[in-house]
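Engineer: Encoded as structure tokens, here's the structure I'll be asking about.
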Amino acid sequence: VPETLTQAETELRYGRNPLEHVSKIIFELTTRCNFNCQHCYNATVPRITEQNLSALMNAVDVFRAIGIERFDFIGGEVTKYGDGWLDLARYCQQQGAKIVTIYTNGWWLEQANFRAAGKDYPDVSAYLADLHEHGVTHILFSLDDPGDMHDHSRGHPGLYNRVLAGMLMVKAAGLLPRVSILMRKDLRMDAYVQLLDTLAQRIYDFSDSANLMDRVNHLVDDQTNTLSNLIDIGNQAAQSTNTQGFYLWQPTDQQLYCRGYYRPAPSLTIKANGELATC
């Protein structure tokens, strides 16, 4: 801006800033995934893994300059296919990021001698230690439903229980377990309350005086968790007769209207194909 900008003009420009409510940047490092979940739109997009990490480091510099302190890494499954993402995570930490998060389906839980994002690990403990060393602070496990319903949606029997057990390992490694929950309209609210309470007790250390709704509200109010309802078109390759997505011609204009388009909040996503998205 011109050096002659007055205080009033400066405040006006700031008030018009479309990024004023953005509090986190999401890096979609890859669209490749080892799962084929029923709800996911990534089944129909080209398989791409970002290679230009220097450009993303420049992006970190830009967003840190305007005060962004949280950077999330997603896919696809970034923990398996996001080659080089750990170097970018470390760079975020070095530049002063307070929160560096990965989203994962939890495929690596209970693995031994496995390969993740271009590196070999003898066990889960070694993997978690490497994440911690590279500046990762939070691990968000993606969950769709309680128990067998989640396993069915993901196509992996026993996954839900492995995630619950894995949260304790994450905490033991000095990282913070969190959840990204897909809330479906066909699951009763009391079932969600029970699910959230189960997860809250795994994630946090509550005092004996905390009651059920205290625990649930604590999880819901914690912005390092993610709760969302399903608005994606859906995974055409995995659709069943009970699909929760929309066919492209079904939503109304009102449903498709994005209220965050011109003043996005709380996040911007840098996608693996180079696009900048508001959600």
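Engineer: Students often get this wrong, so check it: of Lys98/Lys119; Lys24/Lys171; Lys171/Lys271; Lys24/Lys271; Lys24/Lys80, which have C-alpha atoms separated by over 20 Å?
Structural biologist: On the way: Lys98/Lys119 25 Å; Lys24/Lys171 23 Å; Lys171/Lys271 29 Å; Lys24/Lys271 14 Å; Lys24/Lys80 23 Å.
Too far apart for the 20 Å limit: Lys98/Lys119; Lys24/Lys171; Lys171/Lys271; Lys24/Lys80.
Engineer: Sequence-distant or interchain residues sharing an amide H contact under 5 Å with His134, placed H: which?
Structural biologist: Distant-sequence amide H within range of His134: zero hits.
Engineer: Each residue of the range 30-40 in order: what ³J(HN,Hα) in whole Hz does its phi give by Karplus 6.51 cos²θ - 1.76 cosθ + 1.60, θ = phi - 60°, with x for Gly and Pro?
Structural biologist: Whole-Hz 3J(HN,Hα) from phi for the range 30-40: 7, 9, 6, 8, 9, 10, 9, 6, 4, 8, 7.
Engineer: In whole Hz and in residue order, list the ³J(HN,Hα) couplings for the range 99-116 that follow from phi through the Karplus curve 6.51 cos²θ - 1.76 cosθ + 1.60, θ = phi - 60°; x for Gly and Pro.
Structural biologist: 10, 10, 10, 10, 9, 8, 7, x, 4, 7, 5, 6, 8, 9, 6, 10, 10, 9
Engineer: Given only helices, namely DSSP H runs of n ≥ 4 each adding -39500 (n - 2.57), what is the per-residue ellipticity at 222 nm of the chain, to the nearest 500 deg cm²/dmol? Before the final figure, lay out each step's value.
Structural biologist: Values: 10 runs with 97 residues, N = 279.
Helix-only estimate at 222 nm: -10000 deg cm²/dmol.
Engineer: Provide the packing ranking of 61-74, 96-109, i.e. peptides ordered by the mean count of other C-beta atoms within 10 Å per residue, highest first.
Structural biologist: My ranking of the peptides, most packed first, is 96-109, 61-74.
Engineer: Follow-up. Between (i) 18.5, 61; (ii) 19.7, 64; (iii) 19.7, 69, which matches Rg and Dmax of the Cα atoms in Å calculated for the structure shown?
Structural biologist: Looking at Rg and Dmax of the Cα atoms in Å for this model, the match is (ii).
Engineer: Work out from phi, with θ = phi - 60° and the Karplus expression 6.51 cos²θ - 1.76 cosθ + 1.60, the ³J(HN,Hα) of each residue of the range 164-180, listed in order in whole Hz, and give x for Gly and Pro.
Structural biologist: 4, 5, x, 4, 5, 5, 4, 5, 5, 8, x, 9, 10, x, 9, 9, 10
Engineer: Using amide H atoms built in the peptide plane, which far-off residues or other-chain residues are under 5 Å from Met183 H to H?
Structural biologist: Those lying under 5 Å, H to H, from Met183 are Ser228, Asn229, Leu230.
Engineer: Gaussian network model of the chain, Cα springs within a sub-10 Å range: biggest mean-square fluctuation belongs to which of Glu133, Glu50, Glu28?
Structural biologist: It is Glu133.
Engineer: Suppose we keep just the DSSP beta bridges with both residues in the chain; what percent of those would be antiparallel, to 5?
Structural biologist: Approximately 20 percent, going by the DSSP bridge assignments.
Engineer: For the range 3-120, give me the percentage of DSSP beta bridges that are antiparallel, rounded to the nearest 5 percent.
Structural biologist: Around 25 percent of the beta bridges assigned by DSSP in the range 3-120 are antiparallel ones.
Engineer: Amide H of Asp72: which non-local residues (sequence gap of 5 or more, or other chain) have their own amide H closer than 5 Å, using H built in the peptide plane?
Structural biologist: Ile25, Ile26, Phe27, Thr101
Coordinate-derived values only; no laboratory data. On a predicted model such as this, the values are computed, not experimentally measured, just so you know. Cβ: placed from backbone, ideal geometry, glycine included. Neighbour counts: every protein chain shown.
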